[in-house]
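Notes follow the structure.
The values are calculated or read from the model by the stated rules, or taken from the named source; none is laboratory data. Note that the coordinates shown come from a computational prediction; the quantities given were computed from them, not determined experimentally. Glycine also receives a Cβ, built like all others from the backbone with ideal geometry; neighbour counts cover every protein chain displayed.
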Amino acid sequence: MWIFRAIFGAAVLLALMILILPDQLFLAVSNYIQIIAAIAGALVFLYLWHRYGRKDFLLYAAGAFGFWGIENILWYVNILLGQRNILFPSMIDLGMIASIVILTAAFWIGFSKKTSPNIPLLVIVLSLLIPLWIIITQGAGAASLVTLLYFCACGSLVAVGLFRSIQDSPLVLAGILLFALAFMIYPLREQFFTTMPVLNAIGTFVSAGFALIVLGVLPAGTPAGSS
């Protein structure tokens, strides 16, 4: 679908312009693209769910995209209200983590078993190293624990992508990796790298990830081996 190709192209172009555009303008445009990608993706998955036999994974994916879009709208409202410095952690973060968990469930339901669990298990273990180091060095405060939740959710999402037959859909797998990478960087940026504007580029990872996931699912409406 042309709109998701356009979203992917816009995300790439925006990422290349991060050092040119003012920070506030970059964040505004990035968030608009993310919201459009999420809501449009949710609508597409709802259509595919209705069109292709009401597959459960499509409904889960629609819920994950839609919920994430709503959470990002709330996040952006807080930005406009000038609350950037007190956002992390918040209930919005818990909502975003929940959307990642729902998306993970969608892919677990929608794709059949493909590989040995050894590599996915290693991914989950490795994903815990950074948040555990933060807890050891910074203490088990709210920010550290929410960071742990982000890494657990993202690590699980990547692990499912490697364990299930998502590997047969390279666009979906690429989208998962971009999305997970963005939300592993995000809590670190909020705590330790708030003065590094280049890390604002993670918003473009989210948009590109959403677009690739939808484009990967679209051709057949349902992936091989889906339930």
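Listed conditions (1) modelled with pLDDT of 80 or more; (2) closer than 30 Å to Tyr52 by Cβ; (3) not small (Gly, Ala, Ser) are all met by Met91, apart from (2).
Tell me which residues, restricted to region 44-57, are in a loop (DSSP other than H, G, I, E, B), among the basic types (Lys, Arg) and exposed (fewer than 14 other Cβ atoms within 10 Å of the Cβ).
Within region 44-57, just Arg54 meets the criteria.
Identify all residues within region 103-140 that are under 19 Å from Ser90 (Cα atoms), surrounded by fewer than 19 Cβ atoms within 10 Å (Cβ to Cβ) and either modelled with pLDDT under 85 or under 18 Å from the mean Cα position of the chain (by Cα) (or both); write none if there are none.
Scanning region 103-140 gives Gln138, Gly139, Ala140.
Quick check on Trp75: is it crowded, with 18+ Cβ neighbours inside 10 Å, at pLDDT below 85 and either closer than 24 Å to Asn200 by Cα or of a type in the set (S, T, N, Q) (or both)?
So Trp75 passes the test.
Kindly establish whether Tyr60 is in contact (Cβ under 8 Å) with a residue 40 or more places away in the chain, surrounded by fewer than 22 Cβ atoms within 10 Å (Cβ to Cβ) and within 18 Å of Cys154 (Cβ to Cβ). Here the answer is yes, as Tyr60 does meet what is asked. When region 101-126 is filtered for residues that are out of contact with any Ser or Thr (no Cβ under 8 Å at 6 or more places or on another chain), in contact (Cβ under 8 Å) with a residue 40 or more places away in the chain and either of a type in the set (A, V, I, L, M, F, W, C) or within 15 Å of Leu177 (Cα to Cα) (or both), the ones remaining, listed by number, are Ile102, Leu103, Ala105, Ala106, Phe107, Trp108, Ile119, Pro120.
Please work out if Ala28 is assigned to a helix (DSSP H, G or I), hydrophobic (A, V, I, L, M, F, W, C) and closer than 17 Å to Phe210 by Cα.
no
Scanning region 183-210 for residues that are buried (at least 22 other Cβ atoms within 10 Å of the Cβ), closer than 24 Å to Ser144 by Cα and small (Gly, Ala, Ser) yields a single hit, Gly203. Report whether or not Val206 is within 21 Å of Phe57 (Cα to Cα), modelled with pLDDT of 90 or more, assigned to a helix (DSSP H, G or I) and among the β-branched types (Val, Ile, Thr). Considered against the rule, which asks whether it is within 21 Å of Phe57 (Cα to Cα), modelled with pLDDT of 90 or more, assigned to a helix (DSSP H, G or I) and among the β-branched types (Val, Ile, Thr), Val206 comes out as yes. Applying the selection to region 31-43, what residues are crowded, with 21+ Cβ neighbours inside 10 Å and either touching a residue at least 40 places away in the same chain (Cβ under 8 Å) or of a type in the set (Val, Ile, Thr) (or both)? Across region 31-43, the qualifying residues are Ile33, Gln34, Ala37, Ala38, Gly41. Among what's in region 12-27 and is within 13 Å of Gly203 (Cβ to Cβ) and touching a residue at least 24 places away in the same chain (Cβ under 8 Å), pick the residue that is surrounded by the fewest Cβ atoms within 10 Å (Cβ to Cβ). Among those that are within 13 Å of Gly203 (Cβ to Cβ) and touching a residue at least 24 places away in the same chain (Cβ under 8 Å), it is Asp23.
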